[in-house]
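Structure first, commentary second.
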Amino acid sequence: MKRRGTKALEGLADDLRDHIERQTEENIARGMTPAEARRQACIAFGNPALIEEDTSAVWTWRWLEDLRRDLAYAWRSLRRAPAFAAAAVLTLGIGVGAVTSVSSIVYGVLLRPLSYANADRLVRVVQIMRLNGPEHRGGLRPEQMASWSVNSRLMSAIGYYAPQPAMLTGVPTPVRLMGATITPAIFRAAAATPVEGRTLDDADALAGNTQVVVLAYRTWTKFFASDPSVVGRSISLNYKPYRVVGIMPEGFAFPSVAVLYPGMTDSTGAPADSPEFWIPAERPTKTAISDTGGFTTIGNTFALLRPGVTLEQATAEANTLLPVQPSHRMQIELVNPRVEQARATRPLLLLFEGAVVIVLLIACANVTNLLLARASYRQRELAIRLSLGAGRGRLARQAAAEGLLVGGAGGAVGIAATMGAIAWFRTLPPYLLPRMHEIHVDGGTLTFALVVAVASGVGVSIAAAGWTFRREVAVSLRNATSTASTPPSRAPLHALVAIEVGSGVVLFAGAALLLSSFVRLTSVKPGFDARHVFSFQVTLPPGEYDGPRTSIFLRQLTTRLSVLPHVERVMAADSPLALGIGWAWPPTIDGRTASGGVGYRTAPAGYFETLGIPIRIGRSFAAGDESATPRIAVVNEALVRTYWPGANPLGHHISLEDWKDLEVVGVAADVRAGRPDAHEDAELFVPINPNSSPWRSPSIFLRTDAAAPTLGRDVRTIVNGLDPTLVVYHDGLLETDIQRTYADASAYGVSSTTFALVALGLAAIGLYGVLAFTVGARTREIGVRVAIGANRRRIVWMVLHDALGTVAVGVVAGLVAAWYLSRLLQNWMYGVTPHDPGILAGVAMLFLVVGGLAAYVPARRATRVDPVIALRTD
Amino acid sequence: MPARDERERLELLQGTLDLLILRTLRLGPAHGHTIAKAIERGSDDVLQVEQGSLYPALHRLIKRGWVDFELGASENNRRAKFYRLTAAGMRQLAVETSKWDRMVAAIARIMRSRAAEGER
């Protein structure tokens, strides 16, 4: 088509000329003079140029041609002003990036429909129990669940779910999976259509039927190579056969494990966010039942409402139907998981969303300022174009084209920033926000970013253009020597910059406080030498490993492990090093009951040496201590400080629960495993021997003298060399675990710092834009001043005076706000007071300096105003 | 030459001009000017072709494949295009003609019946 058009348009001028010639001839034939004939012919014909345009327009879309030309022009003019272009693109990019990132997160957490079916009818049952003390929240008790299932009219199913770890063997690499035990009816209610096979039937849960399992998509692809024939086959979970009956589709996740159990990890070693398999269960298993403050309930009870039943109706039925313990006060509450997940985080997320929208608006205001500043340098060009007859619409379209380019580039910057932000966000532990695993950058995100960027760019350009018109038309078309045009009121622009500076100060102060708190947090020594301690866990299947076999296995294992290169010590313990103690009980000190709580740990010989816990007084454990009489124990410093302050505890006696009359033989240093801001707990260490009772899932600790990157592989080789069906899991360095406990503090630190830097950048660009604009507007005034003899330095001072005045106002306002607002951060601060004068002063200084720098360029430009040129600018 | 009476110029709608051009070209290929004159003479000077709209109309017809062009030399060796009807254009002309006839007949029916009423 285009070629045809080009061919047809070739020689169009000739065609038109020919037409006129013929008409001329005709007119001559009618009796006109040649000159008159030609004149009449031309009149009758019309404007050839216009006709040429109209004809070519037949072959193209006019507006497309215009757009292309506008864009080319805009590109050229932007290239001539690189500083402006960079500042505008960056500003817009920041605004767009912020809005897009937060919006993706808000969408992923709050708005996107949950990835399982019936999300509005499937509810979690929470039982609130109060007995002369704080509230405990748990699920239903087994008898309550049974009774409700039978008698309910409003619920179509009641069931529960519990996390279920299982060793998967019989595959090339045996691995530990984290799945779920779930009531079939509940699973069916939530499930999507399986990719292969079926979901769970009620019959599957009956005792006596073959045990079945439904696999998650990820499990199927990773360990079974997406082989459809695995359905119907048996796989080995926890050394028992399970028949695979179905595969769930990709992305299906019910329920979310990590939100409910922060410590659970899946086969990848990362915190689990969705089950890797589902097995049916009717009778609650041991892991399902939990002890909440002494009340035994099934932890996660779910129910399915019949269609049309409301939450209130169901709650009422639960409260009336279920047997309630007479001595407790109970209350059944049905909680919709979607609402519950959102409720906790909604206010925070909406706050963030509001904040970034404000950031975007500030960014747009900044770009508008920059555009206005630039426009004041293009006054002449604008005047000429106006006087040549360029319509307002045409000039607006030109401005829009520029805005399109800036918006497009800003969008690209924003997208890059968003990708970085989301990537960082996904490294955070999943229990910070629900559904974090569902947040990612996709086509929708990119479209959103581009639309926002282009809309902002175009909108801002047209607004700036409109503003400039109103001034310029009047000013530039005046012929007489005009008085210095009154610049538009600068107060609102300066107020805007002051607000930017103020909010920047607040954000920066907050970020600085959080950061310094984080630094202090991480610099506190954990109390033991956690470097180069590698640990892992294995589960010994109960059917095959009894007491003697377990101790033989552990002995062989530790022997073989100790000959690995770099290994200094090896220790087998009965549980992983829990960061923080569990329960605490009041001890009996030297026969007298005391108050407070003491926790205990069972520690094998070599415990303290392997973990690098120094012994302050006395000795640690040696082999055989567990059967020593009198029974002995080691205590930690915190315990000594509480119960034997200032005295030597060696030889004293302590009893705790089942351990009676232990003699203290040593004092160990406090282990601040976990957060240093956590309370220091008094601990008792009791010697233990693996032969006493077989350890089901022993943890092995190795201390190396240097980094040993191949340790994981070597360990697996040795373990599988002893028994190829065993699975090694939870393997890794202790340091990594400890770092992970700081994850939320570091997240707050990083995100608040980013916000603060963004605010600083925006404020600086904003200031620069405003000053450039006002200097440009006052060019004539400056020229006049210079012409009548003003010192260059006074000019600079005039500009700086403007700048620093605005910044100072902003800084003061910001400091006042920071003073009040920093109290909100109290909960997250460690070792720092909210009113730390050093930090506040530092932030104030920073903004003043940055303000000065931002003012530098316009100030210099002011001094270079040539009075002759300035006076001529009319 | 006294100006033509403006009021007598019936403004030709875009579609109608295209139809007239096709009809004119049915008689044989022609230059642009010739087509315009043919329309005017063919209508006894009732229809005046707005010359500014002739060439865009011709190009529209070329774009839709109903008219084709050749470069030719005219009598005085001026270079100008010859426009002619294509086979598709011939078919389109038949379609448009029948549409036109139907429309004219319908309007005439209404006008005549109205006139009859008005006389009563």
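Less than 5 angstrom separates the built amide H of residue A:212 from those of A:243, all sequence-distant by 5 or more or on a different chain.
Going by neighbour counts of Cβ atoms within 10 Å, the residues A:563, A:359 line up, fewest first, as A:563, A:359. Per-residue 3J(HN,Hα) values for segment A:543-558, derived from phi via the Karplus relation 6.51 cos²θ - 1.76 cosθ + 1.60 with θ = phi - 60°, read x, 9, 10, 9, x, x, 5, 4, 5, 4, 4, 5, 5, 5, 5, 5 Hz in sequence order (x marks Gly and Pro).
Between residue A:306 and residue A:617, 0.36 nm times their residue separation minus their Cα-Cα distance comes to what? Each step should come with its number before you reach the end.
Values: separation 311, 0.36 × 311 = 111.96 nm, distance 6.58 nm.
Roughly 105.4 nm would be gained on extension.
Working note: Karplus 6.51/-1.76/1.60 with θ = phi - 60° gives segment A:784-789 the couplings 4, 4, 5, 4, 8, x Hz, where Gly and Pro are set to x.
The order of A:718, A:186, A:105, going from fewest to most other C-beta atoms within 10 Å of their C-beta, is A:718, A:105, A:186.
P(r) tail for segment A:516-656: Cα pairs beyond 28 Å make up 32% of the total. Residues whose amide H comes within less than 5 Å of that of residue A:160, counting only those at least five positions distant or on another chain, are A:183, A:302 (H built at 1.01 Å from N in the peptide plane).
Converting phi to 3J(HN,Hα) with the Karplus coefficients 6.51, -1.76 and 1.60 and the offset θ = phi - 60°, segment A:834-849 yields x, 9, 4, x, x, 5, 4, 4, x, 5, 4, 4, 4, 5, 5, 5 Hz in sequence order, with x at every glycine or proline.
Taking every C-alpha pair closer than 8 Å and separated by at least 6 residues, the mean separation divided by the residue count of segment A:709-842 gives a relative contact order of 14 percent. According to the Kirkwood relation over distinct C-alpha pairs, the hydrodynamic radius of segment A:152-198 is 13.1 Å. Sorting A:419, B:103 from the fewest to the most surrounding beta carbons within 10 angstrom yields B:103, A:419.
Residue by residue along A:3-11, Cβ atoms of other protein chains within 10 Å of the local Cβ number 3 on average.
Using 1/(1 + (r/R0)^6) with R0 = 51 angstrom and r between the beta carbons of residue A:442 and residue A:558, what's the FRET efficiency to the nearest 0.05?
Values: r = 50 Å, r/R0 = 0.97.
For R0 = 51 Å, the calculated efficiency reads 0.55.
Taken residue by residue and averaged, Cβ atoms of other chains lying within 10 Å of the Cβ of B:55-64 number 5. Fully extending the segment from residue A:206 to residue A:378 would add 53.6 nm, taking 0.36 nm per residue of separation and subtracting the current Cα-Cα distance.
Remark on residue A:569: its backbone amide H falls under 5 Å from those of A:703, a criterion applied only to residues 5 or more positions apart or on other chains, H modelled at 1.01 Å from N.
Measuring nothing but how far apart in sequence close Cα pairs (under 8 Å, 6+ apart) lie, relative to its length, segment A:1-84 scores a relative contact order of 25 percent.
All of the numbers you see were taken from the coordinates with simple rules; none came from a lab. Not measured: the values here are computed from a predicted model. In this analysis, Cβ positions are derived from the backbone assuming ideal geometry, glycine residues included, and neighbour counts consider all displayed protein chains.
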